[in-house]
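Asker: Shown below is the structure under consideration.
The values are calculated or read from the model by the stated rules, or taken from the named source; none is laboratory data. The shown structure was predicted, so the numbers you read here are calculated from the model rather than taken from an experiment. Cβ coordinates were reconstructed from backbone atoms using ideal geometry, including for glycine residues, and neighbour counts include every protein chain displayed.
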Amino acid sequence: MKTLEEVQDIHMESAKVYVDELFEKVQQRNPNEAEFHQAVKEVFESLIPVLAKNPEYIEQSVLDRMVEPERMIIFRVPWVDDQGKTQVNRGFRVQFNSAIGPYKGGLRFHPSVNGSIVKFLGFEQIFKNSLTGQPIGGGKGGSDFDPKGKSDVEIMRFCQSFMAELSKHIGPYTDVPAGDIGVGAREIGYLFGEYKKIRGTFEAGVLTGKAIGYGGSLGRKEATGYGTVYFVDEMLKAQKESFDGSTVVVSGSGNVSIYAMEKATQLGAKVVACSDSSGYIYDENGIDIDLVKQLKEVESKRIHEYVETHPEAVFVANHADIWSVACDIALPCATQNEIDKEAAEQLVANGVKAVGEGANMPSTLDAIDVFLKNNVLFAPAKAANAGGVAVSALEMAQNSARLSWTFEEVDVKLQNIMRDIYQNSMEASVEYGAPGNLVVGANIAGFTKVADAMVSQGVI
């Protein structure tokens, strides 16, 4: 008769074999999709102890079903530029999992958008949305359209063409898109206007990230950046550390980055560097956030123009080198895989004590290993940057109830949600034998809620 430990070892080995075989199938079924493979591998490795302890998940092929989108929509987006020439882009929407609520996830307009990018983002969104505690499933979408350099009229024409197809697949109780890279209040407005025209109804809850005047939520613009800092603050407080007096480097200078810098500064930190695709600025006196807002949110200028107002600051024409700047806390808020192994080693060598991912999957798997092996406090994206979608869900709730909450009310709810995500992730890491590993904890906490819902609903 086998001992309990022997039985547990058998279950663990069985789970590992299952995960390895399934990951191989994912690679074969989705060739040349490196970003999707990366996202899946990171989650799979965390779930082995969960599958060993709960073999019914394997028996009912929960993970097999979860890794396959419920629906993947690809469509043509023709539009006419200001010269009268017809342009054609490609549109995407992946509706990944609706076990706990309607699909929810942003739209990204950027030349890099392809099937792999959309699928990795949608897969991550399943777990991120689950962690928020809100009733929302995982989805994502976008286009390889680049808003940069386009006139407002060109962007409007594109958004109208994009929504002409997307409108067939979304709705307040079906799929609720939002903004992401390249999609802000302007784009959401054009998309909403076209949806309203096509449907002939005012369905405020069909899109989030709307302007305040027609159903948007106060605090939504700040939510992802603020939420990242709230989560990292919880992580620091558990170690008797804080933002107060810390030096911070934040990549990017868009919506997430600006409000991560703002909140970190409010908590007593000095943010010394931020970036855009042209390079990064370093200001040893602390970044002038109001100036960055003016340059980026109002004037749509490049970050190097910061030094014209602050000549004591330095501009470096290579955004990737921002991670060579010494800091206590690093907040990657730009894009996926911006911190590789070499950059992670540089951060460790310079004494970084905490990393909080404000962007989606900004650290490679090798970089994450470097941080964890060197005892750097690490806040993974699906937990740390969940504040944006959390407040999007709060926007949906306000739309459904036909009311509006104050900024302070939304902010308190956001703080509570981020605190709960931290606590739930930490508890899951302890329960499954990886105490303090928030990568493992967040993956498990997000997974089990969705998996249990899928089991309850049968094979669909």
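Asker: Any residue in the stretch 160-170 that is touching a residue at least 40 places away in the same chain (Cβ under 8 Å), surrounded by 23 or more Cβ atoms within 10 Å (Cβ to Cβ) and either in the same structural domain as ILE322 (by TED's automatic domain parsing) or closer than 24 Å to LYS293 by Cβ (or both)?
Answerer: no
Asker: On to the next question. Please list, ordered by first then second residue, the pairs with beta carbon atoms under 8 Å, 6 or more apart or interchain, first in the stretch 273-285 and in the same structural domain as ALA320 (by TED's automatic domain parsing) and closer than 10 Å to ALA320 by Cβ, second part of a strand (DSSP E or B) and at pLDDT 95 or above.
Answerer: Listed by first residue and then by second, the contacts come to SER275/ILE281; GLY279/PHE315; GLY279/VAL316; TYR280/ALA273; TYR280/CYS274; TYR280/PHE315; TYR280/VAL316.
Asker: Checking LYS197 against (1) over 23 Å from ILE117 (Cα atoms); (2) surrounded by fewer than 19 Cβ atoms within 10 Å (Cβ to Cβ); (3) in contact (Cβ under 8 Å) with a residue 12 or more places away in the chain, which test does it fail?
Answerer: Of everything listed in (1) over 23 Å from ILE117 (Cα atoms); (2) surrounded by fewer than 19 Cβ atoms within 10 Å (Cβ to Cβ); (3) in contact (Cβ under 8 Å) with a residue 12 or more places away in the chain, LYS197 misses just condition (3).
Asker: Could you tell me which numbered condition GLN346 fails, if it satisfies all but one of (1) of a type in the set (S, T, N, Q); (2) more than 20 Å from HIS110 (Cβ to Cβ); (3) under 21 Å from the mean Cα position of the chain (by Cα)?
Answerer: (3)
Asker: Name the residue that is surrounded by the fewest Cβ atoms within 10 Å (Cβ to Cβ), counting only residues in the stretch 24-36 that are in contact (Cβ under 8 Å) with a residue 60 or more places away in the chain and more than 16 Å from LYS128 (Cβ to Cβ).
Answerer: It comes out as ASN32.
Asker: While we're on this one: Would you say GLU342 is assigned by TED's automatic domain parsing to the domain that holds THR228 and either among the polar types (S, T, N, Q) or assigned to a loop (DSSP other than H, G, I, E, B) (or both)? Spell out the reasoning first.
Answerer: Working: assigned by TED's automatic domain parsing to the domain that holds THR228: yes; either among the polar types (S, T, N, Q) or assigned to a loop (DSSP other than H, G, I, E, B) (or both): no.
The answer is no for GLU342.
Asker: Among LEU347, LEU394, LEU372, which is the only one that is of a type in the set (A, V, I, L, M), under 20 Å from ALA39 (Cα atoms) and in a helix (DSSP H, G or I)? Break it down stepwise before answering.
Answerer: Working: LEU347 fails: under 20 Å from ALA39 (Cα atoms); LEU394 fails: under 20 Å from ALA39 (Cα atoms).
It is LEU372.
Asker: Would it be correct to say that HIS310 is in contact (Cβ under 8 Å) with a residue 12 or more places away in the chain and either among the polar types (S, T, N, Q) or crowded, with 19+ Cβ neighbours inside 10 Å (or both)? Step through it out loud before you land on a result.
Answerer: Values: in contact (Cβ under 8 Å) with a residue 12 or more places away in the chain: yes; either among the polar types (S, T, N, Q) or crowded, with 19+ Cβ neighbours inside 10 Å (or both): no.
In short, no.
Asker: Anything in the stretch 401-426 that is crowded, with 17+ Cβ neighbours inside 10 Å and among the aromatic types (Phe, Trp, Tyr)? List them, or say none.
Answerer: Result: TRP405, TYR422.
Asker: Which is acidic (Asp, Glu), within 20 Å of GLY139 (Cβ to Cβ) and modelled with pLDDT of 95 or more, of GLU431, GLU427, GLU409, GLU395? I'd like the intermediate steps shown before the answer.
Answerer: Details: GLU431 fails: within 20 Å of GLY139 (Cβ to Cβ); GLU427 fails: within 20 Å of GLY139 (Cβ to Cβ); GLU409 fails: within 20 Å of GLY139 (Cβ to Cβ).
GLU395 is the lone residue from the list that is acidic (Asp, Glu), within 20 Å of GLY139 (Cβ to Cβ) and modelled with pLDDT of 95 or more.
Asker: Here's a check for you: in the stretch 90-147, which residue that is basic (Lys, Arg) and within 15 Å of the chain's Cα centre (by Cα) is surrounded by the most Cβ atoms within 10 Å (Cβ to Cβ)?
Answerer: Initially, the stretch 90-147 is screened for residues basic (Lys, Arg), giving 90, 93, 104, 108, 119, 128, 140.
Cutting the leftovers down to within 15 Å of the chain's Cα centre (by Cα) gives us 104, 108, 119, 128, 140.
Working: LYS104: 27, ARG108: 24, LYS119: 24, LYS128: 28, LYS140: 31.
Restricting to residues being basic (Lys, Arg) and within 15 Å of the chain's Cα centre (by Cα), the top hit is LYS140.
Asker: What are the residues in the stretch 341-357 that are surrounded by 16 or more Cβ atoms within 10 Å (Cβ to Cβ), of a type in the set (D, E, K, R) and in contact with a Ser or Thr (Cβ under 7 Å, 6 or more places away or on another chain), if any?
Answerer: GLU357
Asker: Right, next: For residues that are surrounded by 24 or more Cβ atoms within 10 Å (Cβ to Cβ) and either touching a residue at least 40 places away in the same chain (Cβ under 8 Å) or outside the structural domain of ASP283 (by TED's automatic domain parsing) (or both), tally how many sit in the stretch 244-259.
Answerer: Result for the stretch 244-259: 9.
Asker: Looking at the stretch 340-360 only, could you name the residues that are touching a residue at least 40 places away in the same chain (Cβ under 8 Å) and in contact with a strand residue (DSSP E or B) (Cβ under 7 Å, 6 or more places away or on another chain)?
Answerer: LYS353, ALA354, GLY356, GLU357, GLY358 - these are the residues of the stretch 340-360 that are touching a residue at least 40 places away in the same chain (Cβ under 8 Å) and in contact with a strand residue (DSSP E or B) (Cβ under 7 Å, 6 or more places away or on another chain).
Asker: Residue check: is ALA334 outside any strand (DSSP E or B), in the same structural domain as GLY227 (by TED's automatic domain parsing) and either surrounded by 21 or more Cβ atoms within 10 Å (Cβ to Cβ) or at pLDDT 95 or above (or both)? Walk me through how you get there before you give the answer.
Answerer: Details: outside any strand (DSSP E or B): yes; in the same structural domain as GLY227 (by TED's automatic domain parsing): yes; either surrounded by 21 or more Cβ atoms within 10 Å (Cβ to Cβ) or at pLDDT 95 or above (or both): yes.
It is true that ALA334 is outside any strand (DSSP E or B), in the same structural domain as GLY227 (by TED's automatic domain parsing) and either surrounded by 21 or more Cβ atoms within 10 Å (Cβ to Cβ) or at pLDDT 95 or above (or both).
Asker: Here are the criteria: (1) buried (at least 24 other Cβ atoms within 10 Å of the Cβ); (2) modelled with pLDDT of 95 or more; (3) not in a helix (DSSP H, G or I). Tell me which single one ASN360 does not satisfy.
Answerer: (2)
Asker: Quick one: which of VAL256, VAL249, VAL229 is touching a Lys or Arg at 6+ places or on another chain (Cβ under 8 Å) and of a type outside the set (Gly, Ala, Ser)?
Answerer: On the way: VAL256 fails: touching a Lys or Arg at 6+ places or on another chain (Cβ under 8 Å); VAL249 fails: touching a Lys or Arg at 6+ places or on another chain (Cβ under 8 Å).
Of VAL256, VAL249, VAL229, the one residue that is touching a Lys or Arg at 6+ places or on another chain (Cβ under 8 Å) and of a type outside the set (Gly, Ala, Ser) is VAL229.
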